[in-house]
Amino acid sequence: MMVHGASLYKNIISKETAKSLREYIVQRNKNLKPKEEIGVLENENRWSFGIGANDHPSVADALNEIGTHGMIRPALEKIAGVNPGLVEMTAITAAYGATDQFWHPDVISMGSPAKYARNFLPSYSLFITLQDTTAEMGATGVCPGTYQCGNEDATDTCETYGYQVANDENVWTTGTGLLMNQQGFHRGAAHIDPNAPDRVVFIVSFSPKRLERGETRMLGQGGSYSTRWDMWGHTLNDLENAPTAIVQPWSTLRALGMYKPKNADWGWDFISQMSMRCATFGTGFESVEEFKDTVTIPKMLLIEYEKKMSFSDYFRACIESWKAWALFVNKIAVASYLTFFSVISVVALAFNTSFSKSVFKAMFWSSIRVTMQYTFVAFLSFCIYEHCVERSPWAQEIRDGRYMRSPYGAADKLESLAERGPIVIDESSILITDRFNFKFLNALIDSPKYHPGNMKLHSEIQGADKTFDFLNQEDRAVLADTIVDNAIGARSNFVVHNHDAIWVPLTLDEAKSYVTKELYLQNSPLLASLEKEASFLLSTNRYGSSVMARRFSVVNINTLMDEIYATAYVPTFDIYRSAKKLDAKKSSRVFVEKSKPRSVSVFNLLKSNLIEILRHKKKRIGKASTTDVPRTPSHNKTSSTAQTLKVGDTVEGQYNGMYDEWYKGKIIKIYQGAIIDVKYTDGDVDYGLGSANVRKFVPYQVGEAVDASYFQDEEYIRVRIIKKTGTEYVVRTKEGDRVTVKEFSIRRFV
């Protein structure tokens, strides 16, 4: 999920529930009224509508199975927080003749966490197929990794790298769910099988539930959020117990943000999310007229639509209408009371008796009480407005424009980064950014770490940790230089986000400083934790509610961390504080073009100096040198898998420690009990693999799907083994061809 932005989970709902739910949806499709239909891309031969949790018993059963599933619920709460809020519940049906949709995300780039992670909420859709779905039936297509992109259009990329959940070899089985980040590009494929049934998909989408106080985020812009209005305000817990938790009139009150049970959490209520989306022109509706025709709201609460009215103008006019209606009712009530009081008073005075005088007196004091009540209400309203609204942090942030502010503070707007030209990133790029340093982003905090280039660098740094503790400062600098040189040799480039969320390059010196600091943090879990917490504090205080917090807290936090690093002898490096202008005559790219990527591990460098490393180790055990950095307590990171491996074992190695390619080979050397060199059967050597990247070899089996290359240096393709003869294997391609290949030409892909 963190790598590709999508993952599959089998058997989320049972086949019986899926069958019943599918029958209900198909029946509803036949009787859909125009007002109930929800527009989808390439609408011909496609139907969609909002679903209520208790519209049919099968809906409640499906929601209960989702909420209690042993894998999907923990996954949802890991990425969207505990008990996430419901933001979409619908079904999409595609019949024969439906055409390909274009590749698209469900939220636009300028209003999504892909660019503004602190301003907009991430959201995740769960697509559950209600029948076995083939590629010809229009199985959903996904474009892996694009949830990280802030592009308006990634069509060309998706045409090359996108694929359907079902293909020629696999079927998207009934009840299996595709969990997908709504920032990722995807599409509904064409239904081209005239003999196949309609493809029906049940969709439930979630987003982190809103904070009880001080919420400043909003739902991503551009999505339709196909949810019936009375389903807003609910959470995953409510869906799990839909028959008792989502019932009228409480579900309506919940949707309007007026009431929730004490033991429940607020989801995103209809009023709040619609107001925010109207304010940012991200309602998901093409026009006000479409909104009026689609959303079920009592007509007495809406006014007549006038041409060229925007959403904000229309809703402001509605509020003014409600206000005028309330004032009119109040005037009628007061006028009626005064009329009644006047008539009774005149009658009482006319009789001039003791009883009439007491009646007059009672009516007089009653009028005084009413006047005092109105005065008190008016005064209380003024105080609430003045102190709880007008002077509140919420109002101040709106006036100051901090709600829609860039994720970077003014202190980060360095001219040096702004003047650097943008750079195109690829899978080998090493991404450095602070725009995800916000606690409430949950798993998104760590999303840059899952970029392939970052994973490769982390593997190198993690491996170097085994020897880093025994090196002096000079050797540590050499180690950092070697890691950077290896990255550059592999055509990797170090890039950083500027304040406009544009990737720009680092200089070579900045890259080395960054790697040096990462080596120290890898060697000290305590400092790494402090660094992470400091990054959260910096993010929070850049948006502080007071001038004091925004102006001084960031400086104070940075000063404190500098002192901590100085005490621990850790070099201080922060690209957002120390970036310098690039020489216009020099290249802005930090990597050097090579005819062939280098494949040298830092351990290939270190093993030739192993005696020197051990000498440092002995010296530390004896007496610490005054030129050495004080030693950090070491930790035993050797896994049980590594302890069972030995030199000469036949194993499978994960190529470069990061690709989903496992080749057969033999262990030729083991360092520090967990650093392994593997020589593959085709002659290549992988140096410095971690224990997690090496596993014992299990012979290839007949019937197993593997990758194979017909000839040396030929591209690998997916095949299935049908026969084994000595060291040769007969395999069948997806076209049905039979080919004989050598064992060294086979690799596993998982």
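Volume per residue for the range 430-522 equals 103 cubic angstrom (convex hull of Cα atoms).
For Tyr116, Tyr569, Tyr729, what's the largest-to-smallest order of accessible area, 1.4 Å probe?
Tyr569, Tyr116, Tyr729
Expressed as a whole percent, the proportion of Cα-Cα pairs in the range 1-48 lying more than 13 Å apart is 71%.
For the residue pairs Lys532/Lys669; Lys15/Lys260; Lys696/Lys742, the alpha carbons lie more than 27 Å apart in Lys532/Lys669; Lys15/Lys260.
Rolling a 1.4 Å probe over the protein heavy atoms gives the range 438-523 an accessible area of 33 Å² per residue. Modelled this way, with points 7 Å down the Cα-to-C-beta line, the labels at Lys696 and Asp509 are 5.3 nm from one another. In order along the range 102-114, phi translates into HN-Hα couplings of 7, 5, 7, x, 8, 10, 6, 5, 7, x, 9, x, 4 Hz, rounded to whole numbers, per the Karplus curve 6.51 cos²θ - 1.76 cosθ + 1.60 with θ = phi - 60° and x for Gly and Pro.
A Cα-only calculation for the range 73-189 places Rg and Dmax at 14.7, 42 Å.
How much FRET efficiency would the formula 1/(1 + (r/R0)^6) give for Glu427 and Glu44, where r is the Cβ-Cβ distance and R0 is 25 Å, rounded to 0.05? The computed FRET efficiency comes out at 0.10. Pairwise inverse Cα distances across the range 33-84, averaged and inverted, put the Kirkwood hydrodynamic radius at 13.5 Å. Annotation: per residue accessible area for the range 142-218 equals 42 Å², rounded to a whole number [probe 1.4 Å, protein chains only].
A Förster distance of 25 Å, applied to the separation of the beta-carbon atoms of Thr99 and Asn31, puts the FRET efficiency at 0.50.
Across the protein chains, with a 1.4 Å probe defining accessible surface, the residues Arg476, Arg316, Arg28 rank Arg316, Arg28, Arg476 from largest area downward. What the phi angles of the range 186-200 give under the Karplus curve with 6.51, -1.76 and 1.60, with θ = phi - 60°, is a coupling list of 7, 6, x, 7, 6, 9, 10, 9, x, 9, 9, x, 4, 8, 10 Hz, glycine and proline written as x.
The figure for Cys149 is an accessible area of roughly 50 square angstrom, using a 1.4 Å probe on the protein chains alone.
The values are calculated or read from the model by the stated rules, or taken from the named source; none is laboratory data. A quick note: this is a predicted structure, and the numbers were derived from the prediction, not measured. Positions of Cβ are generated from backbone atoms using ideal geometry, with glycine treated the same way; all protein chains shown enter the neighbour counts. These area figures cover heavy atoms from the full protein model, side chains too; ligands, DNA and RNA do not enter into them. Shrake-Rupley method; radii C 1.70, N 1.55, O 1.52, S 1.80 Å.
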